[in-house]
Amino acid sequence: MANNYSLIIAEMKDNIGAITFNNPLKSNALCSDMLNEITDALSVFKSEKIRVAVIRAAKGVKVWSAGHDIDELPLDGIDPLGREKPLEKMLSAVQNFPAPVIAMVEGSVWGGACDLAITCDMAVGTPGCSFAITPAKIGVPYNASGILHFINRLGLSHAKEMFFTGAPVDAETALHFGIINHIVDDIEIELFTHSLAKKIACNSPLSIEVIKEQFRILTNAHPITPNAFEHIESLRRKVYCSEDYREGINSFKEKRKPVFKGK
């Protein structure tokens, strides 16, 4: 496969596709261009009937991804995590990809990248990996679909703990929470993940596609009324139009502790 991307490396071999983050200068922050490249690569994998996709960073990284590129968060009353945004489109592409997607995680995972890791069908991590979902640290109102990803993967109490504290959880805790399926030594993780992918690739792709779609439908089968949806959106709008939201983003850019006033 010819790699025509600038912020990722996409490869295909033996029915397995691999997407490697390639933006080390920004700690693999999920900027719009990078998110669009991931979405496009998954589309190519789908057209080539790839049976397993692996999303990873370069070998030995300290930061798997710094999360959503904060420089791209709007400050003008626009929803920062609307359905039309590149992050949401990429997460949807992972969910709707007809074959399993495996996150191979080394280093720390932050914010929207944590959402990506748990949106993947399974994850393998090294002993030094960690995960943090940090919207409360910068005053961002996370969206309902993202919160549902965490509830489905972690359960309600663990999801609340991660969102409310914004603190990283280590590999052992991530295994307990269900964020990762396996902890594998650094020197073995590539071989282990490839072996896991090969086991999947040897099975019936049609059967797996149908089973994955059933998982998606069943885990999203949470009825919500139009009034409840509108209430959620009004609550989120209250946050991304607030002083605290602007303070959170500005303090992050200025590398200082935010002073939140609750308004």
For the stretch 152-161, indicate whether the set of residues that are within 13 Å of the chain's Cα centre (by Cα), crowded, with 17+ Cβ neighbours inside 10 Å and of a type outside the set (S, T, N, Q) is non-empty.
yes
Given (1) under 21 Å from Arg216 (Cβ atoms); (2) among the aliphatic types (A, V, I, L, M); (3) surrounded by fewer than 19 Cβ atoms within 10 Å (Cβ to Cβ); (4) at pLDDT 95 or above, number of the condition Ala132 does not satisfy:
(1)
Just checking, which of Gly178, Gly155 is at positive phi and modelled with pLDDT under 95?
Gly155
How many residues are of a type in the set (Asp, Glu) and not in a loop (DSSP other than H, G, I, E, B) if we restrict to the stretch 103-140?
1
Can you tell me which residue is nearest to Thr134 (Cα to Cα) among those in the stretch 17-72 that are β-branched (Val, Ile, Thr) and in a loop (DSSP other than H, G, I, E, B)?
Val61
Just a yes or no: is a residue in the stretch 182-202 modelled with pLDDT under 95, at positive phi, surrounded by fewer than 16 Cβ atoms within 10 Å (Cβ to Cβ) and out of contact with any His (no Cβ under 8 Å at 6 or more places or on another chain)?
no
Cβ-Cβ below 8 Å, separation at least six or inter-chain, first residue in the stretch 245-261 and in a loop (DSSP other than H, G, I, E, B), second aromatic (Phe, Trp, Tyr): which pairs?
Pro258/Phe252
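For His149, are the conditions met, namely being out of contact with any Gly (no Cβ under 6 Å at 6 or more places or on another chain), surrounded by 19 or more Cβ atoms within 10 Å (Cβ to Cβ) and either modelled with pLDDT under 95 or on the phi > 0 side of the Ramachandran plot (or both)?
Working: out of contact with any Gly (no Cβ under 6 Å at 6 or more places or on another chain): yes; surrounded by 19 or more Cβ atoms within 10 Å (Cβ to Cβ): yes; either modelled with pLDDT under 95 or on the phi > 0 side of the Ramachandran plot (or both): yes.
When the stated conditions are applied, His149 passes them.
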Among all residue pairs at least 6 apart or on different chains, which show Cβ distances below 7 Å where the first residue, located in the stretch 80-101, is modelled with pLDDT of 95 or more and the second is of a type outside the set (Gly, Ala, Ser) and assigned to a loop (DSSP other than H, G, I, E, B)?
Val94/Cys120; Ala99/Ile50; Ala99/Arg51; Pro100/Asp121; Val101/Cys120; Val101/Asp121
Does any residue of the stretch 20-37 turn out to be within 21 Å of Glu209 (Cα to Cα) and buried (at least 17 other Cβ atoms within 10 Å of the Cβ)?
no
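The values are calculated or read from the model by the stated rules, or taken from the named source; none is laboratory data. Quick caveat: nothing in here was measured; it's all calculated off a predicted structure. Cβ: placed from backbone, ideal geometry, glycine included. Neighbour counts: every protein chain shown.
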